[in-house]
1. Of the residues TYR160, TYR154, which single one is part of a strand (DSSP E or B) and open to solvent by 60 Å² or more (accessible area, probe 1.4 Å)?
2. Being surrounded by 15 or more Cβ atoms within 10 Å (Cβ to Cβ), of a type in the set (A, V, I, L, M, F, W, C) and over 19 Å from THR65 (Cβ atoms) is the filter here; which residues of region 1-23 pass it?
3. Could you tell me whether ARG272 is open to solvent by 10 Å² or more (accessible area, probe 1.4 Å), farther than 18 Å from GLN315 by Cα, in a strand (DSSP E or B) and without any contact (Cβ under 8 Å) to a residue 60 or more places away in the chain?
4. Looking at this structure, is GLY197 open to solvent by less than 20 Å² (accessible area, probe 1.4 Å), within 23 Å of VAL256 (Cα to Cα), in contact (Cβ under 8 Å) with a residue 12 or more places away in the chain and of a type outside the set (A, V, I, L, M, F, W, C)?
5. Go over the candidates THR106, THR126, THR133, THR144 one by one and state the one that is farther than 23 Å from THR184 by Cβ, touching a strand residue (DSSP E or B) at 6+ places or on another chain (Cβ under 9 Å) and either crowded, with 20+ Cβ neighbours inside 10 Å or touching a residue at least 40 places away in the same chain (Cβ under 8 Å) (or both).
6. Whether any residue in region 278-285 is modelled with pLDDT of 85 or more and not in a strand (DSSP E or B) is what I want to check.
7. Give the residue that is most open to solvent (accessible area, probe 1.4 Å), with candidates limited to residues of region 58-73 that are among the hydrophobic types (A, V, I, L, M, F, W, C) and farther than 16 Å from MET5 by Cβ.
8. May I ask you to list the residues in region 204-226 that are assigned to a strand (DSSP E or B) and either out of contact with any Ser or Thr (no Cβ under 7 Å at 6 or more places or on another chain) or open to solvent by 60 Å² or more (accessible area, probe 1.4 Å) (or both)?
Amino acid sequence: RKEGMFMYCDSAYFYDKTNSLDAFGNVRMEQGDTLFVYADVMYYNGLEELARLRYNVRMENRDVTLFTDSLDYDMVSNLGYYFEGGKIVDSKNELSSVYGQYQPDTKDAEFLFDVELLNDDYVMHTDTLHYNTRTHIADIVGYTTIVSDSSIIYTDRGWYNTDDDNATLYNRSLIVGKGGEKLTGDTIFYDRKKAFGEAFGNMVLTDSVHSSILEGNYGFHNDKDKVSFATKHARLMEFSKKDTLYLHGDTIRTFVLPEDSSRVMTSYHKVRFYRIDIQGIADSMSFVSRDSILYMYRHPVLWNENKQILGNEIQVHLNDSTVDWAKLPDYGFLCEDLEEPYYNQLSGKEMIAYFKNGEIDQLDVNGNVQTIFYPMENDSTYNKLVTAESSFLKIKFN
């Protein structure tokens, strides 16, 4: 007996001068009803109060079991550690490594080299891991990969709560969803059960399926509901076509309609976008993939080459490569820059602009048509001003 610890074996050599012993066969150590250690051989140093247990070693502490062939147990600090491979199994996880240590008092465990945390739903690989068997929280302190059926996590700093199945990750960690979405940020909170990732600071969400990148200083992505959100200098880049669409706004949100799986993008407050063929600004904007129409609301303005279009609402239809048409259902105004100081101007109740090769080819105006324009002379000069009013007007630009 050593204080509250009792030691048993089949045979032993005892050294009374150093209070040490060598034990063989069915070696067992017991401390109350909470700690049990088993081995084939034990070498106990009484001066250092260190027990070296070898072969078929098993340490049991309530619902925690440590397995190894070489375990050194420091009875002063109540710390056991292995160095030639071992594993610790609790009610939630199985952790294995080359080196590991476990402290029954605090329930703290540390693992080094070829560390693997095995769970029913995922597996974690790393070279350094701190883990508590009471809280089942893993502290990530080195490069780590967590693989599950729903996602893959790449990180080198953070913690993972294996009970609640959520994590807080730092140092621009990366989460790759099963649908190909990639979420990164300075700090990420991730709930694996809900497939929900929330990013703080320099968020980047890449959607390879829809060829888009969503950025912001804060945002989140819900993989189950297919909802993405970005704010604080939000930007969306859509590159599925030949030209990339750049969209900025205070807030950008994308989601999928459940009835037909159509993808919807909304952006509101101080919205502006850029493509080679068209550029625009508005207070709010939405795009529905079902009809490929970009809806612009509240003081929208659209530019194409040297032409500016504005109205109460603008609807822009996009085809595979470029803009197809733009409709202003409730008042429209067009201004064409000829050369300083000449501008053609046109307004009407309803306006539809048709595009060809990225430029406005035809303009149809219905109701309350008013126009001021400068016809070009044969010598390419402007010296006449023409005004006209009508109920309907059709203009061919090319």
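1. Details: TYR160 fails: open to solvent by 60 Å² or more (accessible area, probe 1.4 Å).
Exactly one of TYR160, TYR154 is part of a strand (DSSP E or B) and open to solvent by 60 Å² or more (accessible area, probe 1.4 Å), namely TYR154.
2. At the first step, the residues of region 1-23 found to be surrounded by 15 or more Cβ atoms within 10 Å (Cβ to Cβ) are 5, 7, 9, 12, 20-23.
With the extra rule that they be of a type in the set (A, V, I, L, M, F, W, C), the set shrinks to 5, 7, 9, 12, 21, 23.
The answer is MET7, CYS9, ALA12, LEU21, ALA23.
3. On the way: open to solvent by 10 Å² or more (accessible area, probe 1.4 Å): yes; farther than 18 Å from GLN315 by Cα: no; in a strand (DSSP E or B): yes; without any contact (Cβ under 8 Å) to a residue 60 or more places away in the chain: yes.
It is false that ARG272 is open to solvent by 10 Å² or more (accessible area, probe 1.4 Å), farther than 18 Å from GLN315 by Cα, in a strand (DSSP E or B) and without any contact (Cβ under 8 Å) to a residue 60 or more places away in the chain.
4. On the way: open to solvent by less than 20 Å² (accessible area, probe 1.4 Å): yes; within 23 Å of VAL256 (Cα to Cα): yes; in contact (Cβ under 8 Å) with a residue 12 or more places away in the chain: yes; of a type outside the set (A, V, I, L, M, F, W, C): yes.
Yes; evaluated as a whole, the condition is true for this residue.
5. Values: THR106 fails: either crowded, with 20+ Cβ neighbours inside 10 Å or touching a residue at least 40 places away in the same chain (Cβ under 8 Å) (or both); THR126 fails: farther than 23 Å from THR184 by Cβ; THR144 fails: farther than 23 Å from THR184 by Cβ.
Only one candidate passes the filter, namely THR133.
6. Within region 278-285, the first condition is being modelled with pLDDT of 85 or more, and the residues that meet it are 278-285.
Next cut, not in a strand (DSSP E or B) only: 278.
Looking for residues that are modelled with pLDDT of 85 or more and not in a strand (DSSP E or B), one finds at least one in region 278-285, hence yes.
7. Filtering region 58-73 for residues among the hydrophobic types (A, V, I, L, M, F, W, C) gives 59, 64, 66-67, 71.
Checking which are farther than 16 Å from MET5 by Cβ leaves us with 64, 66-67.
On the way: VAL64: 4, LEU66: 2, PHE67: 79 Å².
Looking at the filtered set, the residue picked out is PHE67.
8. From region 204-226, those assigned to a strand (DSSP E or B) are 204-207, 212-222; that's our starting set.
Matches in region 204-226: THR206, ASP207, SER212, GLU215, ASN217, PHE220, ASN222.
The values are calculated or read from the model by the stated rules, or taken from the named source; none is laboratory data. These figures come from a predicted structure and were not determined experimentally. Positions of Cβ are backbone-derived with ideal geometry, glycine not excepted, and every protein chain shown enters the neighbour counts. Surface accessibility is based on the protein's heavy atoms, side chains included, excluding ligands, DNA and RNA. Shrake-Rupley method; radii C 1.70, N 1.55, O 1.52, S 1.80 Å.
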